[in-house]
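The structure appears below as structure tokens.
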Amino acid sequence: MHFLVAPNAFKNSLPADEVATALSKGLQQSRLPCTCESFPVADGGDGTANLLVQQLHGTVINIPVHDPLGRMIKAFYGLIDNGRTAVIEMANASGLRLLKPDELNPLRTTTRGTGELIKHALDQGVEQIIICIGGSATVDGATGMLQELGVRFLDAKGKELQQMPESLLELAAIDTMGLDARLQKVSVTVLCDVTNTLLGDQGAAAVFGPQKGATPAMVQQLEASLKRLRDVTLQQTGKDMATIRHGGAAGGMAAAMAAFLQATLLDGIDRFLDLTGFNEALQKADYVITGEGSIDVQTLQGKAPFGVALRAREKKIPVIGVAGKVPVDTDPALQEYFDVLLAIGNGPMQLNEAFQLTEENLVRTGKLIGDMLALCQTPKIL
């Protein structure tokens with residue numbers, strides 16, 4: 001029996017490759033004769049670029065950039081396809097993981113560092129740029145990134161705005177004359193892990209602002225700032241950032257990249273699976289195991305386990321989902337894609353303790369899966 005083990009990362013705990021290794025180890029310890037292929041996956045969130053560079057045998061480039069609060073750090077991006085394509089993860093330069101809890105302030109955090117990664121990739125002569133935009137600490141509508149690439153955001157007196165996105169309410173005009181001309185010759189693809197649009201109750205500020213440190217008052221200000229950015233952009237370019245699917249990803253970065261860089265926004269997991277040859281690996285599988293930190297109905301909104309399960313379903317391959325947290329009650333929508341959902345925990349515990357035991361629990365869960373399948377194959381003794 002052959003297993004394709006294709007999990008996403010377990011957030012705040014283990015990266016996807018270590019999750020796959022732990023599950024495979026457990027399967028091999030079970031009574032079930034089996035083989036396993038570890039195929040860690042990602043959907044545009046944290047770790048996506050690293051996995052792509054690893055699986056496509058790329059080169060890692062380390063450079064100094066500004067973090068979300070303007071401090072110098074080291075960040076990396078990758079080159080694949082013989083140096084023709086850059087793979088950039090915005091979280092490496094503008095990510096939530098770079099800040100301490102008391103430093104979160106989406107009125108001040110910016111995407112400038114991501115712009116620096118893009119500029120350095122352009123200096124290498126790349127023909128394509130893939131940007132993975134999950135895990136950002138920002139709700140600046142990509143203004144920091146665009147500034148780094150030559151765009152100027154002006155007030156009514158023609159003065160360039162400072163300290164965006166806090167000052168975006170004063171935006172009167174956007175000067176794109178200085179936008180790096182090399183971007184006209186480069187195709188830009190954005191891998192998104194959410195489908196939210198820019199504005200409204202399901203938009204960038206309302207849904208993701210609190211995760212990045214926004215108070216209710218800050219959420220209102222950020223919403224108004226993004227609306228101002230959208231209004232001025234619409235007036236000058238005719239492009240409505242508010243109607244773009246995925247546009248709310250990374251604090252509006254996706255919408256701005258579509259509007260100003262003509263970027264193509266894609267479901268991150270689908271593009272990841274295409275780039276890494278997932279369908280070929282699927283051909284050999286008897287079972288697929290996928291998972292991430294939590295699986296619930298929101299997983300069906302384009303998260304990695306859903307993308308994996310959907311493709312397995314098309315091939316009529318059984319899918320086992322594992323997670324730190326799964327719904328207590330049966331959910332028909334989830335049942336349509338996951339044959340079995342298993343929580344990896346082994347009794348009540350504090351969240352920090354659960355994080356520390358993730359690897360151990362994954363190994364145990366892998367062994368449990370193997371032992372249960374072995375039991376099903378054992379002839380019944382009368």
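Read-outs throughout are calculated quantities, based only on the coordinates presented, and are distinct from any laboratory measurement. Since we're looking at a predicted model, the values are computed, not measured. Note that each Cβ is placed from the backbone with ideal geometry, even for glycine, and that neighbours are counted across all protein chains shown.
If the reach is capped at under 12 angstrom between alpha carbons, list the aspartates and glutamates near LYS157, excluding any in the same chain fewer than eight residues apart.
Cα-Cα hits under 12 Å: GLU170.
Viscosity 0.692 mPa s, temperature 37 °C: Stokes-Einstein D of the chain from its Kirkwood Cα radius, in µm² per second?
Numbers: Rh = 21.6 Å.
It comes out at roughly 152 µm²/s.
With both partners inside the stretch 48-269, how many of the DSSP beta bridges are antiparallel, as a percent to the nearest 5?
Values: 16 of 30 bridges.
If I count the DSSP bridges inside the stretch 48-269, around 55 percent turn out antiparallel.
Each label point is 7 Å from the Cα along the Cα-to-Cβ direction; what then is the distance between the points at HIS57 and GLN211, in nm?
My value for the distance between the label points is 3.5 nm.
State the percent of C-alpha pairs, over all pairs in the stretch 89-189, separated by a distance greater than 24 angstrom.
More than 24 Å apart: 27 percent of the Cα pairs in the stretch 89-189.
Hey, what's the Kirkwood Rh for the stretch 144-193 if you take every pair of different alpha carbons, in angstrom?
Every distinct Cα pair counted, the radius reaches 12.2 Å.
Pairs LYS25/LYS303; LYS100/LYS212; LYS159/LYS212: which exceed 20 Å Cα-Cα?
Where the Cα-Cα span goes over 20 Å, the pairs concerned are LYS25/LYS303; LYS159/LYS212.
Can you list the DSSP H helices in the chain whose Cα atoms extend at least 15 Å along the helix axis and whose mean Kyte-Doolittle hydropathy is 0.5 or higher?
Details: long enough: 16-29 (20 Å, -0.19); 112-123 (17 Å, -0.52); 216-237 (31 Å, -0.39); 249-261 (16 Å, 1.71); 304-314 (16 Å, 0.15); 358-377 (29 Å, 0.10).
Result, helices passing both filters: 249-261.
Across 5 Å bins from 0, what is the distribution of all Cα-Cα pair distances for the stretch 308-382, in whole percents?
Pairs per bin, as whole percents: 3, 13, 20, 18, 20, 15, 7, 3, 1, 0.
How much length is gained on full extension from VAL340 to GLU353, taking 0.36 nm per residue of separation minus their Cα-Cα distance?
Values: separation 13, 0.36 × 13 = 4.68 nm, distance 2.51 nm.
That pair, VAL340 and GLU353, stretches by 2.2 nm at full extension.
What lysines sit close enough to LYS119 to cross-link, taking a C-alpha to C-alpha distance under 18 Å and skipping anything fewer than 8 places away on the same chain?
LYS74, LYS185
Write down the radius of gyration of the stretch 189-259 and its Dmax, each obtained from C-alpha positions, in Å.
In Å, with Rg to one decimal and Dmax whole: 11.3, 33.
What number does the stretch 50-113 give for Rg over Rh if you use C-alpha atoms and the Kirkwood radius?
Rg divided by Rh gives 1.06.
Considering Cα pairs under 8 angstrom that are at least six residues apart, work out the relative contact order of the chain and quote it in whole percent.
20 percent
If you count, for each residue, the other Cβ atoms within 10 Å and average over each peptide, how do 67-74, 153-160, 92-99 line up from highest to lowest? Let's see the in-between values first.
Details: 67-74: 15.4, 153-160: 12.9, 92-99: 22.6.
Result, highest mean first: 92-99, 67-74, 153-160.
Identify which of ASP267, ASP123, ASP180 has the largest mean-square fluctuation in a Gaussian network model of the chain, with springs joining Cα atoms closer than 10 Å.
ASP123
Expressed in whole Å with the largest first, what are the equivalent ellipsoid semi-axes of the stretch 48-269 derived from the C-alpha gyration tensor as the square root of 5 times each eigenvalue?
Semi-axes from the Cα gyration tensor: 25, 19, 16 Å.
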